Structures are given as structure tokens and as C-alpha cells.
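> Below you'll find the structure I mean.
Values in this text are rule-based calculations from the coordinates and carry no lab data. Just so you know, these numbers come straight off a predicted model, no measurement behind them. FYI the Cβ positions are ideal-geometry reconstructions off the backbone, even for glycines, and counts take in every protein chain you see.
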Amino acid sequence: MQNIRILLVDDHQMFRNALRSLLENTVNIEVVGETGDACEIVDLVRKTSADIVCMDIGMSGMNGIEATRKLIGACPTVKVIALSSYSEHKYVQDMMAAGASAYITKVEAADELLRAITAVRQNRKYLCPDVSDALIGAITQRHQNDTSSLTSRERQVLGLVADGNTSLVIADRLNIALSTVEVHRRNILRKLNLHNASELTRYVMSNDILTC
């Protein structure tokens with residue numbers, strides 16, 4: 001199996017070192033470069049043939065949002081995983097709109113980065129639990145009339161659906177039966193007056209959740 005080629009972009013050397021240590025101990029992952037200067041990102045991606053860029057948002061000079069927009073414009077096949085100290089939906093909105101495929105907080109990076117890498121390699125979006133919780137909180141606040149009827153468990157399932165997880169993965173993460181997940185999904189669809197998984201995905205990604 002061909003190694004996944006990773007480029008690290010963060011202006012904190014200690015954090016880059018921690019990420020490199022994590023990734024270099026993982027089978028089928030190769031760290032092909034790193035930089036603290038987002039201005040050189042396009043040249044580095046072309047030089048290293050990186051598949052995935054782990055991109056800090058809050059860098060001096062060109063920030064991660066601007067760098068992601070520039071990178072995706074020049075190298076549209078590259079996947080970007082956003083790394084941030086912030087989980088607020090405004091940061092998520094801006095980064096995902098710039099072209100990122102995943103968003104994880106730095107405090108969760110040790111646990112979530114490998115999951116994010118797996119997801120984006122499968123052309124799926126990925127949000128870490130901190131971010132997912134924040135977005136679901138925004139859903140609840142802005143669409144109280146729609147979501148007030150959801151149970152606590154249904155909200156958990158909705159959050160995991162928002163991350164792009166399959167029912168099998170949701171069952172594993174919540175330690176419940178697959179059939180129970182399907183019941184929750186049907187109840188969510190009914191309560192939100194939706195008809196299928198595609199409509200549920202559009203509901204989560206619209207209604208000002210990532211664009212407000």
C-alpha cells in the first residue's frame with residue numbers, strides 16, 4: 001500500500017515536532033516536509049507531492065484560511081486538514097469554505113488526526129467532536145423549533161452524521177446496536193421533516209450552520 005504523504009504547516013516548532021512524532025510512528029504515513037511559513041505552501045506541496053496538508057489556522061503572515069484558499073486554487077487534488085485552537089463555528093465556516101476537508105482542534109489532535117486523515121483519504125469531510133458539539137449547539141440555538149423535539153441521543157447521532165460517519169461507525173462510537181442507530185436516524189428524519197440521508201446532510205450543512 002502506498003504511503004500517505006503528509007506536509008505539516010504550523011508556525012510553532014514544538015507542535016510540528018509533536019505531530020511528526022505521532023505520524024512517523026503510524027504505518028503507511030510519511031511526513032514529507034514541514035514549514036512555519038504558509039507563503040511557501042504551494043511550492044512545498046509541488047516539491048514534496050504531498051497528499052494531505054495539516055494546516056494551522058492562526059499563523060502570522062498569511063493565515064491558514066488564506067493559505068488553504070491559495071493552495072486549493074493551485075493544487076485542487078490536495079486535501080487540507082485544519083488545525084486550530086478554536087472550535088467556534090465562524091472559524092470552521094471560513095476554513096471549510098476555503099477548501100479544507102477536515103477541521104480538528106489542537107487539543108484533540110493526538111486522538112483525532114489519524115481519524116481525519118483516514119476520512120479525507122476516502123473523500124469524506126471530518127469534524128472532531130469539539131467542533132461537532134459546537135456546530136450542533138449552533139443548530140440547537142438557531143433552529144430550536146426544528147430540533148427541540150430531538151432526544152439527547154438523537155442529537156449525538158445527528159452530530160456524528162454531520163461528521164460523515166456511517167451508521168456502523170456511529171454504532172461503534174456510541175457503543176449501541178446498529179439497528180438502534182437506524183431507529184435514531186429514522187426518528188431524526190421524521191422529526192426534522194426530512195426524507196432521506198441526502199436531505200439530512202444538506203440540512204446539517206445549510207441553515208446557517210456553516211455559513212452564518
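> Could you name the lysines in cross-link range of LYS79, using Cα to Cα under 27 Å and dropping any fewer than eight places away on the same chain?
Once the sequence-local lysines are set aside, what remains near LYS79 is LYS47, LYS70, LYS90, LYS106, LYS125.
> For a quick check: with amide H placed at 1.01 Å from N, whose amide H comes under 5 Å from TYR126's, ignoring anything fewer than 5 positions away on the same chain?
HN-HN under 5 Å from TYR126: ALA102, TYR103.
> For each of ILE104, ILE4, count neighbouring Cβ atoms within 10 Å of the residue's Cβ, then give the residues from fewest to most.
Ascending Cβ contact count within 10 Å gives the list ILE4, ILE104.
> Work out, step by step, the length gained on full extension between SER149 and LEU194: first 0.36 nm times the residue separation, then minus their alpha carbon distance; give nm to one decimal.
Extra length available between SER149 and LEU194 comes to 14.8 nm.
> Most exposed first by the Cβ proxy, i.e. fewest other Cβ within 10 Å, how do HIS12, HIS195, HIS184, HIS89 rank?
With the sparsest Cβ surroundings first, the list reads HIS195, HIS12, HIS89, HIS184.
> With r as the distance between the Cβ atoms of SER49 and ASN17 and R0 = 22 Å, compute the FRET efficiency 1/(1 + (r/R0)^6) and round to 0.05.
Plugging the Cβ-Cβ distance into 1/(1 + (r/R0)^6) gives 0.45.
> Relative contact order for the chain: what percent, with Cα pairs under 8 Å and sequence separation of 6 or more?
With pairs under 8 Å counted, the relative contact order is 14 percent.
> How many times 2.2 N^0.38 Å is the alpha carbon radius of gyration of segment 40-121?
Cα Rg divided by the expected 2.2 N^0.38 Å: 1.00.
> Same structure again: Report D for segment 12-73 in µm² per second (integer): Stokes-Einstein, Kirkwood Rh on Cα pairs, 37 °C, 0.692 mPa s.
Value of D from the Cα-based Kirkwood radius: 267 µm²/s.
> Ok, one more. With only alpha-carbon atoms in the gyration tensor, what are the semi-axes of the equivalent ellipsoid for the chain, in Å, largest first?
Result for the chain: semi-axes of 32, 18, 14 Å.
> Something else: Sorted from fewest to most neighbouring beta carbons within 10 Å, what does the list ARG173, ARG16, ARG46 look like?
Least to most surrounded, the residues fall as ARG46, ARG173, ARG16.
> Whose amide H sits under 5 Å from the amide H of MET59, counting only residues 5 or more places off or on another chain, with H placed in the peptide plane?
Those lying under 5 Å, H to H, from MET59 are GLY64.
> Distance between Cα centroids, segment 1-75 to segment 85-127: provide it in whole Å.
Between the Cα centre of segment 1-75 and that of segment 85-127, the gap is 14 Å.
> A follow-up question, please. Assigning unit charges at the beta carbon (Lys, Arg +1; Asp, Glu -1) and nothing else, what dipole magnitude in debye, to the nearest 20, does the chain show about its Cα centre?
720
> Calculated from DSSP H runs of 4 or more alone, at -39500 (n - 2.57) each and per residue, what is the 222 nm mean residue ellipticity of the chain, nearest 500?
-16000 deg cm²/dmol
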